[in-house]
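Written below as structure tokens is the structure these notes are about.
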Amino acid sequence: MATLRPANVRGWHGVLSARAATGRARMSMATKLVLSYVLIIAIATAAFSIAGTQLLGRVITSEAETAVRNHLNAAREIVLGRLRQVNDVVRLTAGRFYLREALSAGRIGQAADELTRIRRSERLDILSVTDRSGRVLLRTSNPASSGDSRGQDELVATAARRKEAVAAVAIMPAADLRKESPLLAERAAIRFVDTPRARLRGETAETAGMLLQAAAPVMDGGGEVLGIVYGGILLNKNPEIVDKIKHTVFQNVVYKGKDIGTSTIFLDDVRISTNVLNLDGTRAIGTRGAEDVYNRVVVEGRPWIGRAFVVNDWYITAYEPIHSLTGRIIGILYVGVLEQKYVDMRRQTVAMLLSITFAV
């Protein structure tokens, strides 16, 4: 019987070795395919996560800007609503029979007590009467001051010329404010506070006042002007309107210890009425708007919607020009929402997206 020689044994070993090598090659190929698939999935997942994160960031920012634009619309209506109230008071006062009789008789003092009562009950800072030429006959806030002319005041002159009531946001110089009331001139004066990102200015204080003002003619029976009634409220250091905006629009919501929404009225670039707070919790009166915002809104006359630095924090903001009766830009109306709320919202949404993505 033939026997297997060592040479034959070595032959079988060679066959087995070849098969093992082939198996390893097949296993290596499978491993490469699996790793390639995993790598493709990882790259696709990362790309999806990055794209999704960026998209979510844009969506959240867009929603925030849309919201703050709507807040600005609401704030404007609150300001205009108060201006309409001032206009109604002045217009109705000018139509009072007793005032017409007092002017016709040259006895304006007879109407002083009633006009003072109206000013106080309607929460006006100013309620005054001139003759048809604009010479002041009575100031209810300062009865000792009269005889000077307000004929060059744009509202008084326009009301006399048109023979109808007019109302607008107006600037009154310190000297004129002092005639209306020394206390109003004192309240209007605001010293500038150094503010990051504000433009350079040579002045150190604002002394003029910004008012919601109206003027209306007192007419005789023949349709001729007997005199002019003008009145208004001083906005400098007056929190009434900005706090109404915060209460109505933002509902006094607080986020991480800070008001979620704030509002400001600027005279030029100076905060004269605001609920933006300093670090010590006081109102940021006298601080100033950022230079890039000022250039867009006051210099160029265009609204600003977007991210902006406000005193000591970042906000999603909306600013728009405030115009005088003649269309001159005299200030800025601002509302803003604390940016940190949207930063946290974006982080939470991204974290949720990533956890879902990698779980899948």
Problem set entry | Residue list for segment 130-165, filter: over 23 Å from Glu114 (Cβ atoms) and touching a Leu at 6+ places or on another chain (Cβ under 9 Å) | Glu154, Thr158
Exercise. Mind checking whether some residue in segment 206-221 is more than 30 Å from Lys163 (Cα to Cα) and either touching a Cys at 6+ places or on another chain (Cβ under 6 Å) or modelled with pLDDT of 95 or more (or both)?
Worked result: yes
Exercise. Looking at this structure, is Tyr315 at pLDDT 95 or above, in contact with a Phe, Trp or Tyr (Cβ under 9 Å, 6 or more places away or on another chain) and not aliphatic (A, V, I, L, M)?
Worked result: no
Problem set entry | Residues within segment 81-107 that are closer than 16 Å to Thr140 by Cα and either of a type in the set (Val, Ile, Thr) or in contact (Cβ under 8 Å) with a residue 40 or more places away in the chain (or both), tallied | 7
Exercise. Residues of segment 145-154 being assigned to a loop (DSSP other than H, G, I, E, B) and touching a residue at least 60 places away in the same chain (Cβ under 8 Å), which ones?
Worked result: Arg150, Asp153
Problem set entry | Test for Phe309: is it under 13 Å from the mean Cα position of the chain (by Cα), of a type in the set (Phe, Trp, Tyr) and surrounded by fewer than 20 Cβ atoms within 10 Å (Cβ to Cβ) | yes
For this session: Determine whether Gly331 is in a strand (DSSP E or B), modelled with pLDDT of 80 or more and more than 14 Å from Val297 (Cα to Cα).
Result: no
For this session: Would you mind stating whether Leu55 is at pLDDT below 60 and more than 29 Å from Pro239 (Cβ to Cβ)?
Result: yes
For this session: Select, from Gly286, Gly281, the only residue that is at pLDDT 95 or above and in a loop (DSSP other than H, G, I, E, B).
Result: Gly286
Exercise. On the given criteria, is Ile126 touching an Asp or Glu at 6+ places or on another chain (Cβ under 6 Å), at pLDDT 95 or above and closer than 17 Å to Asp88 by Cα?
Worked result: yes
Exercise. For segment 155-254, list the helices (runs of 4 or more DSSP H) that sit wholly inside it and hold at least 2 residues that are over 24 Å from the mean Cα position of the chain (by Cα) and surrounded by fewer than 18 Cβ atoms within 10 Å (Cβ to Cβ); which are they?
Worked result: 174-180, 182-188
Exercise. Residues Leu138, Leu103: which one is among the aliphatic types (A, V, I, L, M) and either under 27 Å from Arg187 (Cα atoms) or in contact with a helix residue (DSSP H, G or I) (Cβ under 7 Å, 6 or more places away or on another chain) (or both)?
Worked result: Leu138
For this session: Name the single residue, out of those in segment 119-140 being assigned to a strand (DSSP E or B) and free of Cβ contacts under 8 Å to residues at least 60 places away in the same chain, that is farthest from Arg178 (Cα to Cα).
Result: Arg135
For this session: Look through segment 253-306, keep the residues that are in contact with an Asp or Glu (Cβ under 9 Å, 6 or more places away or on another chain) and among the small types (Gly, Ala, Ser), and return whichever of them is nearest to Val343 (Cα to Cα).
Result: Gly306
Problem set entry | Scope segment 238-272; condition among the basic types (Lys, Arg) and more than 22 Å from Arg199 (Cα to Cα); matching residues | Lys244, Lys246, Lys256, Lys258
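The values are calculated or read from the model by the stated rules, or taken from the named source; none is laboratory data. Model, not experiment: these values are computed from the prediction. As a convention, Cβ positions derive from the backbone with ideal geometry for all residues, glycine included, and neighbour counts pool all protein chains shown.
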